[in-house]
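Enquirer: Got a structure for you, written out below as structure tokens; questions coming shortly.
The values are calculated or read from the model by the stated rules, or taken from the named source; none is laboratory data. Just so you know, these numbers come straight off a predicted model, no measurement behind them. Note that we place each Cβ from the backbone using ideal geometry, even for glycine, and neighbour counts take in every protein chain shown. Protein only, heavy atoms only, side chains kept; ligands, DNA and RNA dropped before computing areas. Shrake-Rupley method; radii C 1.70, N 1.55, O 1.52, S 1.80 Å.
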Amino acid sequence: MLIGTAMSAHQSEGNNINSDWWYFEKNGKLPYKSGMACDSYRHYKDDIKLMKRLRLNSYKFSIEFARVMPEKDVVDYDAIDHYRDIIAELKKNGIEPIPTLWHYTFPLWFYKMGGFENRKNLVYIINYVKLLLSRGLDARYVLTLNEPMVYAVKAYLTGRYPPFRRSFRSMLKVSNNLIHLHNELYDILSREGYKVSIAKNMIYFGKLRRVYLPFGLSEYIYNWRFIKYAKMDFLGLNYYRNVDPFRLVRRRSNKTDMGWTIYPYGLHSIAERYYNAYKKPIMITENGIATNNEDLRKKFITEHLNTIITLRKEGVPVIGYHYWSLLDNFEWDYGYMKKFGIGHVDKKTGKRILKSSAETLKRLALKYE
Ligand code: BGC
């Protein structure tokens, strides 16, 4: 089985100066600055060394559109080659590269044209992907979009991410454009032989969805609608939390530093439901906890991986697991306060330091390889 970690470009690379996020971080519309992040753009070989040391065999990362096309008509071929180098280094170390083509950030020029709200703009993303392919994208699995619904909700409904909008209609419009974009990219990529999916954030809504219509509808829009219309070879599943009201009030359940209740059974329930409906394999593309309590992180990792093993025993083909994240990194509108990593970076020296939970992941990776 594939077992590894995940990170994304803007959150880990540092200095993403041509992106929309960088622009809004600088002018104060976003509360925190990403700055040098983990400086992984320069230290990616050190990151890969850590993965190797931990006997991990898979890595989900993202390619930064704002680096590849910093201006509308400018392609930075060095940036493309940089990502090719990452993939080559991963493969040299026996680690499966799981590239994600878009993880929340844009080049500022694309943002200024209206980003995903304008369907005419999608051609620029399609061209960016074709460009990557023309240079060679040496991977088996490709994720087109990271959590399109989280993006649509946070950028267009709750107004926390650029362009900070609060409109249900815009949120739906953007999610429809993202479905359309994904399907276009699916056709291009699958013609080339890649196994294609998205990284789909799924939340466990509990049983109330069955009897309380607004809850059921939210669950459908958030969890299932995109999947219903998107072409996929497997489901890339990001699972972090449940919003089951019955469970939320239970005082006994542990919470993460994001305020999310920990509930591994939610992953079981969602994976089982998906498989029963679509009969396609599932890759856990992200699962993680923000905490400073290493015992809690160890428990979290162990319980979620055990859930996957149970699913596999029951005949649900889960082909991989990626813990979010390798290193503490830039947690979007929460900055550096939230610690998801099994490792962290000494900002002065750039040295990568593992936490004790890294050993837990290593032990489980060896057990289930
Ligand atoms: C996102 C990551 C984020 C993580 C923790 C996922 O929804 O893909 O970018 O850091 O959750 O909040």
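Enquirer: Could you work out the relative contact order of region 10-128, using alpha carbon pairs under 8 angstrom and six or more residues apart, expressed as a whole percent?
Expert: 29 percent
Enquirer: With a sphere of radius 9 Å drawn around the Cβ of Lys362, what net charge do the other residues whose Cβ falls strictly inside it have (Lys, Arg +1; Asp, Glu -1)?
Expert: Local charge sum for Lys362: +2.
Enquirer: Return the equivalent ellipsoid semi-axes of the chain as a descending list in whole Å, where each equals the square root of 5 times an eigenvalue of the C-alpha gyration tensor.
Expert: For the chain, the semi-axes come out at 28, 25, 21 Å.
Enquirer: Right, next: In a solvent-free Debye calculation with one equal scatterer on each Cα, what is log10 I(q)/I(0) for region 108-171 at q = 0.25 Å⁻¹, listed in the order of the q values?
Expert: -1.10
Enquirer: Using DSSP H assignments, which helices in the chain have an axial alpha-carbon span of 30 Å or above and a mean Kyte-Doolittle hydropathy of -1.0 or higher?
Expert: Answer set is 168-191.
Enquirer: Can you tell me the FRET efficiency between Ser218 and Asp78 if r is taken as the Cβ-Cβ distance and R0 is 30 Å, rounded to the nearest 0.05?
Expert: For R0 = 30 Å, the calculated efficiency reads 0.10.
Enquirer: I'd like the distance between the alpha-carbon centres of region 235-306 and region 70-127, rounded to an integer number of Å.
Expert: Using only Cα atoms, the two centres lie 29 Å from each other.
Enquirer: Arrange the peptides 336-349, 206-219, 285-298 so that the one whose residues have, on average, the most other Cβ atoms within 10 Å appears first.
Expert: 285-298, 336-349, 206-219
Enquirer: As a test of the formula, what do you get for the chain when each DSSP H run with n ≥ 4 contributes -39,500 (n - 2.57) and the sum is divided by the residue count, at 222 nm and rounded to the nearest 500 deg cm²/dmol?
Expert: That comes out to -13000 deg cm²/dmol.
Enquirer: Can I ask one more? What residues have an amide H closer than 5 Å to that of Tyr59, excluding those fewer than 5 places away on the same chain, when H is modeled at 1.01 Å from N in the peptide plane?
Expert: HN-HN under 5 Å from Tyr59: Glu96, Ile98.
Enquirer: Ignoring ligands, DNA and RNA, what percent of the 1.4 Å accessible area of the chain is carbon and sulfur?
Expert: C and S fraction of accessible area: 50 percent.
Enquirer: Ok, one more. List the lysines whose alpha-carbon lies under 17 Å from that of Lys49, not counting same-chain residues fewer than 8 positions away?
Expert: Straight-distance partners of Lys49: Lys60, Lys91, Lys92, Lys351, Lys355, Lys362.
Enquirer: Do you know the Lys pair count in region 185-301 for C-alpha distances under 16 Å, with sequence separation 8 or more or different chains?
Expert: Count of close lysine pairs: 12.
Enquirer: Which value, in debye to the nearest 20, describes the size of the charge dipole of region 289-369 about its Cα centre when Lys and Arg Cβ atoms bear +1, Asp and Glu Cβ atoms bear -1, and nothing else is charged?
Expert: It works out to roughly 260 debye.
Enquirer: Can you give me the accessible area per residue for the chain, using a 1.4 Å probe, in Å²?
Expert: 41 Å²
Enquirer: Moving to a separate point now. Take each of the peptides 19-26, 46-53, 188-195, average the number of other beta-carbon atoms within 10 Å over its residues, and list them starting from the highest.
Expert: Those peptides, ordered most packed to least, come out 19-26, 46-53, 188-195.
Enquirer: If you average the sequence gap of Cα pairs under 8 Å that are 6 or more apart and divide by the length of the chain, what percent do you get for the contact order?
Expert: 18 percent
Enquirer: Further question on the same structure: I need the peptides 71-83, 304-316 ranked by packing, meaning the mean over residues of other C-beta atoms within 10 angstrom, with the highest value on top.
Expert: Packing order, densest peptide first, comes out as 304-316, 71-83.
Enquirer: I'd like the FRET efficiency for Lys49 and Lys228, computed as 1/(1 + (r/R0)^6) with the beta carbon distance as r and R0 of 41 Å, rounded to 0.05.
Expert: 0.50
Enquirer: How high is the relative contact order of region 210-295? Use alpha-carbon pairs under 8 Å, at least six apart in sequence, and give a whole percent.
Expert: Relative contact order here is 37 percent.
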